[in-house]
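The values are calculated or read from the model by the stated rules, or taken from the named source; none is laboratory data. Fair warning: this is a prediction, and the values are worked out from it, not measured in the lab. Neighbour counts are summed over all protein chains in view; Cβ atoms, including those assigned to glycine, are modelled from backbone coordinates with ideal geometry.
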């Protein structure tokens, strides 16, 4: 990456908490962050889809990252948020996170590539960012949301 | 002049004319003497030419111009319609369609000149008129020279051709290498009808002798017949004056030719006059521009214009009448609103209560009507898709060497615009299948006592909230046993499955992707090429497809499509704590059924309702709704229909009928298509819409 004199050097990530881990989501994909609300269950959907919500007249499917990652069921608390991810016009998905912490700017030099020993077979992660003392797993959001194979 | 604003109109109208051309050509093929048809084609070609010219699409203009020429001759009885001609005309039509689609995408017609078609057309024209043609039929490339005012009353009109510097150079060079520069003025007979065609032939003759470097008026105008009875050119050639004259005189309907050498003196003269003519030129130029050409295109450089790419919006043509109805409804809506306002401002009393309800009812009526009217505006008759099929079947018939006839009915059936746009390809696919694989060869048909000419039917009709399109043929039908064997041999099904499969199940195999590969097909009965693609497409439109067949008698593909995509009437039902919407169009009745009424057939629950046995579907099981504790003695059953098949959905509670707006639940959730969408209820809650077609 070119080290330009521009202020924004590197990418901005929204840091969220899932259990004890911190994950970063590229801010370019984030459309909105909303509070937990009533989710209408969709029968026969993939198990990690909790259902759909009504976001100002739009129907948006909501998935649980925890279930997708094989973690235990979400505990809905006051801090639980739904992050609305938008790739392009008309295809939004909400993902449930335990807590939204902050927005950080990570420079390329602070991101290390995923070590194959970590066993990220699904390609859910883009890399690991270092922010102060914290480690942030950077989600490859498109591979998290888009089902590669239906089984 | 900015022509982009006319682009949409141009595209719409061109489409109409092309369609009319296609229709008329089909008629012409069977009735080559039909004068009315010939006139109609001539008119369509003429309008197309004019429109293309106005928009500055020169290639398109030239092609239509040549088509028009041919028909002008036919109209005048100078030549006859031949099968060959119709073929070439169809090719021309395809070329025009290509131009149009290019224009639609990029507002540029593209660079293909379709010289071969033009050549063929001209050959036919010449042969038809009994003239020999030069092997060199290369059509002149238009190089735009500057316009010069024609001077009248003079025989040697070519002297008024203004020779520009670079042309002077060319002339000088020509003399150096032993060529001559001649000025030629050609006079055409007064009674000549197609002057431009004559001029064209003259040009062709000249091109075979040498090089035409300049003409008056310019070649484009000559092509457009924008000259009186004479035109002049400057020719560079090695031939003698006499030879040139003879060649031109060979073209019929040429009255006289004047040839003269061009030397330095008269170029000089022209140069002197140049100054004084400029202003007049400009005037002339602008008048021509406004009559026939789009500005900027007369420079002859087609590619440079409109580098910006305006993407043409999809538009729907709407009857003024429909718009008036909409307008009326909107005014009623305003009145209804005012009624509510006035009630809320007056002091409340008991009387107001009923007045309020009245207004609400009124409002409801208006919005329902408004919805209907808006949907009607979006509706397009299916004709806009089916009208290209006769042509396709004609081509297929020739290509496959099978005699076949396409019968279309119900073209006036209306579908939502978005559906219309998408339905064309699947239908085409089914028709191709029917023509290619469905119908037997003519010999086989005769051998099995069938009429030699195969029939393909395309029928569209409305059925409740659905539109049904049937593609039927009277061919050999699908050999179910063969399909089964094939499926067994390629491992799609097991022997066990094969034994228990009904005929319908077997036919459904054809819609599986694995059956779409070619080597499977030709062995079976030919069906299945891309049927899975057809199915996917139709399901994406919210419809479904099924096949019926009778061995030896033909097969039918039935497509069922939702009438509208946006707003429907639905029955809201409750299952446990969840709410679902069932489209009203597929509901037949609602029945109260006691536990005792439930019978078992094949260990499946059925009820006997007024003589028909209807399978019961426990919706709570299908949808994995949490089970209720108490089982009530009476069940509420919603009877739904899909075509002639019925099923009863067991639900917990009826909420009522409601108008709902259908929204997509996005592409990420994968739910076996049971859920057709979602809607937002009055309280903001989301209710899912059941696609009952997948349940029956």
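Before moving on, here are some points about what is shown:
- Counted residues, the range B:377-387 - those being buried (at least 17 other Cβ atoms within 10 Å of the Cβ) and farther than 22 Å from residue B:326 by Cα: 3
- When residue B:229 is tested against (1) closer than 23 Å to residue B:171 by Cβ; (2) at pLDDT below 80, exactly one condition is not met: (1).
- Just one of (1) within 9 Å of another protein chain (Cβ to nearest Cβ); (2) at pLDDT below 85; (3) surrounded by fewer than 17 Cβ atoms within 10 Å (Cβ to Cβ) fails for residue B:685. It is (2).
- The set of residues from the range B:578-603 being on the phi < 0 side of the Ramachandran plot and more than 48 Å from the chain's Cα centre (by Cα) comprises B:592, B:593, B:594, B:595, B:596, B:597, B:598, B:599, B:600, B:601.
- Number of residues in the range B:79-88 that are under 25 Å from residue B:112 (Cβ atoms) and touching a helix residue (DSSP H, G or I) at 6+ places or on another chain (Cβ under 6 Å): the value is 3.
- Options B:589, B:549; residue that is touching a helix residue (DSSP H, G or I) at 6+ places or on another chain (Cβ under 7 Å) and either over 22 Å from residue B:612 (Cα atoms) or free of Cβ contacts under 8 Å to residues at least 60 places away in the same chain (or both): B:549
- Considering the range A:12-50, the residues that are free of Cβ contacts under 8 Å to residues at least 40 places away in the same chain and at the interface with chain B (Cβ under 8 Å from one of its Cβ atoms) include one that is surrounded by the most Cβ atoms within 10 Å (Cβ to Cβ), namely A:49.
- The lone exception for residue B:24 - which of (1) crowded, with 19+ Cβ neighbours inside 10 Å; (2) within 27 Å of residue B:195 (Cβ to Cβ); (3) touching a residue at least 40 places away in the same chain (Cβ under 8 Å); (4) touching a helix residue (DSSP H, G or I) at 6+ places or on another chain (Cβ under 8 Å) it fails: (3)
- Residue in the range B:597-615 that is surrounded by fewer than 16 Cβ atoms within 10 Å (Cβ to Cβ), within 14 Å of residue A:43 (Cβ to Cβ) and not assigned by TED's automatic domain parsing to the domain that holds residue B:468 present: no
- Residue, modelled with the lowest pLDDT, within the range B:412-435, restricted to residues that are over 13 Å from the mean Cα position of the chain (by Cα) and surrounded by fewer than 17 Cβ atoms within 10 Å (Cβ to Cβ): B:418
- Identity of the residue in the range B:672-682, without any contact (Cβ under 8 Å) to a residue 40 or more places away in the chain and assigned to a loop (DSSP other than H, G, I, E, B), that ends up nearest to the other protein chains (Cβ to nearest Cβ): B:672
- Test: residue in the range B:413-422 that is over 21 Å from residue B:659 (Cβ atoms) and assigned to a strand (DSSP E or B): no
- Checking each residue in the range B:585-595 for being at pLDDT 85 or above and either loosely packed, with under 11 Cβ neighbours inside 10 Å or closer than 27 Å to residue B:688 by Cα (or both) picks out B:587, B:588, B:589, B:590, B:591, B:592, B:593.
- Of B:640, B:660, B:669, all but one fail to be outside any strand (DSSP E or B) and either within 14 Å of another protein chain (Cβ to nearest Cβ) or touching a helix residue (DSSP H, G or I) at 6+ places or on another chain (Cβ under 8 Å) (or both); the exception is B:669.
- Residue B:211 meets all of the listed conditions (1) closer than 27 Å to residue B:166 by Cα; (2) surrounded by 22 or more Cβ atoms within 10 Å (Cβ to Cβ) but one, namely (2).
- Verdict on residue B:367 being over 30 Å from residue B:550 (Cα atoms) and touching a helix residue (DSSP H, G or I) at 6+ places or on another chain (Cβ under 9 Å): yes
- One residue from B:354, B:348, B:373, B:342 being farther than 30 Å from residue B:428 by Cβ, surrounded by fewer than 17 Cβ atoms within 10 Å (Cβ to Cβ) and modelled with pLDDT of 80 or more: B:342
- Residue match in the range A:60-83 (condition: modelled with pLDDT under 85, at the interface with chain B (Cβ under 10 Å from one of its Cβ atoms) and surrounded by fewer than 19 Cβ atoms within 10 Å (Cβ to Cβ)): no
- Residue B:47 vs. criteria surrounded by fewer than 19 Cβ atoms within 10 Å (Cβ to Cβ), in the same structural domain as residue B:98 (by TED's automatic domain parsing) and part of a helix (DSSP H, G or I): yes
- Number of the exception - residue B:91 against (1) closer than 21 Å to residue B:116 by Cβ; (2) in a helix (DSSP H, G or I); (3) over 21 Å from the mean Cα position of the chain (by Cα): (3)
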